[in-house]
Amino acid sequence: MNKDKKSTVKLIIRLAVIFAVMAVAIIKYDKLSNIDIRSIVANSPSVALAILSVLGIYGIKGAVFVVPASLVYISVGMAFPTVQAVIINLCGIAVEVTVSYIFGWFVGGEYVNDLLKKSKGGEKLLAFEEKNKFASIFVIRFLPVFPIDFASLFFGSMKIPFAKYFLASVLGIAPRVIFFTILGDAAYDYIPMKLIVICIICAIPIGAIYLIVKWLKDKKSKEK
């Protein structure tokens, strides 16, 4: 098989996987976006199977992007003892960011870039500089502005070293996971939404100025 045929076959396989995932997300949207985790756990014949079911849901979440994150954290926190729930959710996050990363690696940068341009927070990721550094990945994960699964898809498509990506991702997402797991629905009472909105509004001009200055510097260096 020559190079062109191999490329064509790879493209067909990628498109088939992408369309299959999109079809599942669309057809099962209502069920996935309102998944009853507490019921699944309660009806599991053993604790081990209940935990595996939750981890499976995290894996699905990492592939189809429609399962609400806070719904999972809170539901797991209500279905299991607190310490156990925190550990399960952190393991689930590890599964989720791995699945999304692999999916991003598989489908490649071009498709992911097009997808991110249409998503909330996606353009911020595409404009984010120094994306391959540990601290940058951690900040992207820590800030709730960037959707977890789309960020994972982005990092996978950019072929970011997995070990660095994985550690920074889990550490960055962990605080909000623990927060929602322990406090449950009450977590929303502690989130200063007005403050978050103000910070985001203030960050936009700062980011714009940074990008303009960088663009001018790059332009000058090219002219030299």
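Read-outs throughout are calculated quantities, based only on the coordinates presented, and are distinct from any laboratory measurement. In this text the structure is predicted, and so the values were computed from the model without any measurement. So basically every Cβ, Gly included, is an ideal-geometry build from the backbone, and we count neighbours across all protein chains shown.
Taking the Cβ of each residue in V72, V41 as the centre, tally the other Cβ atoms inside 10 Å and list the residues starting with the fewest.
In order of increasing Cβ crowding within 10 Å: V41, V72.
Highest mean first, what order results for 46-58, 167-179 on Cβ atoms within 10 Å?
167-179, 46-58
Measure off 7 Å from each Cα along the Cα-to-Cβ vector at L183 and F19, then give the distance between these two points in nanometres to one decimal.
4.5
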